[in-house]
Amino acid sequence: MALSPQPTIERRRDQMFPDLDRVEIERVRRFGEVRCFADGEALLTAGQIGPGLIVILAGRVDITQHNQSGGRDLIVSHGPGQFMGELAQMAGRPALVDATAQEPVQALIIQPDRLRALFVAEADLGERIMRALILRRVGLLETGAGGPIIVGWAENGDVLRLESFLSRNGHPHQLLNPDTDAEAKALIERFHVDPGQLPIVLCPGGQLLRNPGEDELARCVGLVGPIDPDRVYDVAVVGAGPAGLATAVYAASEGLSVLVLDCRSFGGQAGASARIENYLGFPTGITGIALMARAYNQAQKFGAEMAIPDEVNGLNVADESGHFVLQLHDGERVTTRSVVIASGARYRRLGVTNLDSFEASSVHYWASPLEAKLCANQEVALVGAGNSAGQAAVYLAGQGAKVKMIVRGADLGATMSRYLVDRIESHANIEVVTRAAVSGLEGRDGFLEAVRWRHVTGEELRQPLRHLFLFIGAEPNTNWLAGSGIALDPKGFVLTGEDAGGDRHPLETTWRGVFAIGDVRAKSIKRVAAAVGEGAQVVAALHSFLAETAANSAMAPNSLATTPSAPIQSR
Ligand SMILES: Cc1cc2nc3c(=O)[nH]c(=O)nc-3n(C[C@H](O)[C@H](O)[C@H](O)COP(=O)(O)OP(=O)(O)OC[C@H]3O[C@@H](n4cnc5c(N)ncnc54)[C@H](O)[C@@H]3O)c2cc1C
């Protein structure tokens, strides 16, 4: 979903808005039902959940979006053989645009579950439709149309937090500067907002939020909805990084009902990678967010449900049914026959006393286009000597920043892949300071003004800087398992296989039916490919476990947690 100088709607209009011929319409007809709309009637309203994919059989429909002056801009006009919809329709989420009949319209409505059936049964047509839905979302992301409007200053920590949240979730949005945008000034006056209360967010449905949390914003724009408390899923996956998304793709495509939960966004750590160059099949590299967005859409195409952002706070066994229950931070519950722990790892923080006072605005744990824009033509400090640090340094330098890398070791070669070391050496605007560690941060009102670092010799240096990037490793996200009885190693990673009990499947934890994959698993290889591989591998174990428990449904619930059981056969 990288931005391009020439808008996607111009470069790829034919793929974005393909025509279905008569034969193709007959092929998709069995997946939908015909409805009629009067001249002037709304087929879709921005902010409201639409009926699904809409194929026009007769008549004409205008797709429009609200502009900042309160009017409407025409995106495209659809006629017979064309279809309306974008990714929101595939997942049953609120529409991002308006669609209005310009004359009496007859249309075929294909609901989200039938659309997924179409993708599977009609692969070639499904590919064209899926590509169009993705490109239309890319087009909306480029203009920010259809999403919420944030009013605030780009360098403000809360603006950065909200923008980063929406970008990471592939949701369009616009940012208006309260000093320079007339529309921003009008909104501030209309809602009587004091400058100290900024940022505000205007949602497509018209609701105004004052400096909202991510959860509040997500619910307002319809990214996440309530979870059905009576539904029992075959598998609940905690974490939508590469491991969790791979599980979702393979499990859902093999017919299991899957719910994926993530407390932040899809993509996990991989989504923060400026460029992944060692993932099989992408010889020119790919940004982490682009790779993960593909996986996220693919999982939904096969019917995996997403609850993002939704944080899991606890895991236990429900009752005599033996089902597992995940407790969510907002009091909701998820009931499931099996669980895959794919909660990965989170960045490690620097041991400097006043770090938290600069974390909103000046200290960054990702190097995405948002941060690059903030740091353009400035000197920044970057701490870390692993591959993630190397990627970030190269990316920021490529975007015009002068990067001072502060590393503890004598050289980068011991901890970083050779290709990155070579690239850093060839960059004139990356300086590597070895055998040094950050010793202090200085600044005011949440904004960093200078960084101090100390060499092994004891000498301390200081440099005025506005931005500090930290890539100093990660710790497992296993706090939410506290009290569950799932065994962890001394560093907090989840034990699986032989380490969890003699008869366990290699990816199974001390609880039967609860599996752990990816970075959160003790002894795992901390790479995207390894996480994806384990995500695929665990699905065979899930099938065996579910078949076994179905055949033995009288099994007492406590025995799931404590009693040694028969070895699990892989399919
Ligand atoms: C900047 C950076 C660059 C990298 N570059 C590369 C590279 O080029 N090549 C490579 O092979 N590897 C790279 N890696 C490593 C790679 O990204 C990880 O190995 C991989 O992402 C691990 O995947 P995962 O799914 O196991 O966990 P993660 O990616 O950590 O995903 C875990 C997910 O679980 C969610 N979560 C955690 N706790 C909860 C909870 N309680 N409730 C709900 N959700 C929860 C998190 O929000 C997160 O989205 C990089 C890592 C970073 C940080």
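The values are calculated or read from the model by the stated rules, or taken from the named source; none is laboratory data. Just so it is clear, the model here is predicted, and its values are computed rather than measured. So basically every Cβ, Gly included, is an ideal-geometry build from the backbone, and we count neighbours across all protein chains shown. Surface accessibility is based on the protein's heavy atoms, side chains included, excluding ligands, DNA and RNA. Shrake-Rupley method; radii C 1.70, N 1.55, O 1.52, S 1.80 Å.
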>> To make sure I understand the rule: partners must be aspartates and glutamates, Cα under 13 Å from the Cα of LYS526, and not fewer than 8 residues away in the same chain. Which ones qualify?
In response: GLU475, GLU534
> Separation between the LEU546 and ALA38 pseudo-spin-labels, each 7 Å from Cα along Cα→Cβ, expressed in nm?
Replying inline: 4.6 nm
> Using Cα pairs under 8 angstrom and six or more residues apart, how large is the relative contact order of the chain, in percent?
Replying inline: 11 percent
> Per the 1.4 Å probe, what fraction of the accessible area of the range 323-421, in percent, lies on carbon and sulfur atoms?
Replying inline: 50 percent
>> Relative contact order for the range 89-203: what percent, with Cα pairs under 8 Å and sequence separation of 6 or more?
In response: 24 percent
> Length gain on complete extension for the stretch ALA360 to LEU208, per 0.36 nm per residue less the alpha carbon to alpha carbon distance?
Replying inline: 52.5 nm
> Roughly speaking, to the nearest percent, how much of the range 87-216's 1.4 Å accessible area is carbon and sulfur?
Replying inline: 49 percent
> Which one of ILE341, SER388, SER361 has its Cα pushed farthest toward the positive end of the charge dipole of the range 340-458, where Lys and Arg give +1 and Asp and Glu give -1 at the Cβ?
Replying inline: ILE341
> What's the local net charge at GLY502, with K and R +1, D and E -1, over the other residues with C-beta under 15 Å away?
Replying inline: -2
> Between the DSSP loop rule and a limit of at most 15 other Cβ atoms within 10 Å, which trypsin sites (Lys or Arg not before Pro) in the range 348-406 are left?
Replying inline: ARG348, ARG349
>> Net charge within 12 Å of VAL407 by Cβ-Cβ distance, Lys/Arg positive one each and Asp/Glu negative one each, not counting VAL407 itself?
In response: +1
> What are the lysines whose alpha-carbon lies under 29 Å from the alpha-carbon of LYS523, with same-chain residues fewer than 8 places away excluded?
Replying inline: LYS491
> Excluding same-chain residues fewer than 8 positions from LYS404, which lysines have a Cα within less than 18 Å of its Cα?
Replying inline: LYS373
>> Given an 8 Å cut-off on Cα distances and at least 6 residues of separation, report the relative contact order of the range 239-374 as a percent.
In response: 26 percent
> Taking a probe of 1.4 Å, how large is the accessible area per residue of the range 97-190, in Å²?
Replying inline: 36 Å²
> Based on the Cα coordinates of the range 342-433, what is the per residue volume of their convex hull in Å³?
Replying inline: 124 Å³
> Based on the mean of other beta carbon atoms within 10 Å per residue, what is the order of 263-272, 534-543, most packed first?
Replying inline: 263-272, 534-543
>> Given Cβ point charges of +1 (Lys, Arg) and -1 (Asp, Glu) and nothing else, what value in debye, to the nearest 20, does the dipole of the chain about its Cα centre take?
In response: 1060 debye
> So between ALA487 and ARG444, what do we pick up on full extension, going 0.36 nm a residue minus the alpha carbon distance?
Replying inline: 11.1 nm
> According to the square roots a ≥ b ≥ c of the eigenvalues of the Cα gyration tensor, what is the shape class of the range 81-123, taking rounded for a/c under 1.5, prolate for a/b larger than b/c otherwise, and oblate for the remainder?
Replying inline: oblate
> Cβ under 14 Å from GLY71's Cβ, GLY71 left aside: what net charge do those residues give with Lys, Arg +1 and Asp, Glu -1?
Replying inline: -3
> Which order, highest average first, do 274-285, 54-65, 513-524 follow once you tally other Cβ atoms within 10 Å for each residue and take the mean per peptide?
Replying inline: 513-524, 54-65, 274-285
>> What does the C-alpha gyration tensor say about the overall shape of the chain? Classify as rounded when a/c is under 1.5, otherwise prolate if a/b is larger than b/c, or oblate.
In response: oblate
>> For the chain, what does the helix formula give at 222 nm: sum of -39500 (n - 2.57) over DSSP H segments with n ≥ 4, over the residue count, nearest 500 deg cm²/dmol?
In response: -8500 deg cm²/dmol
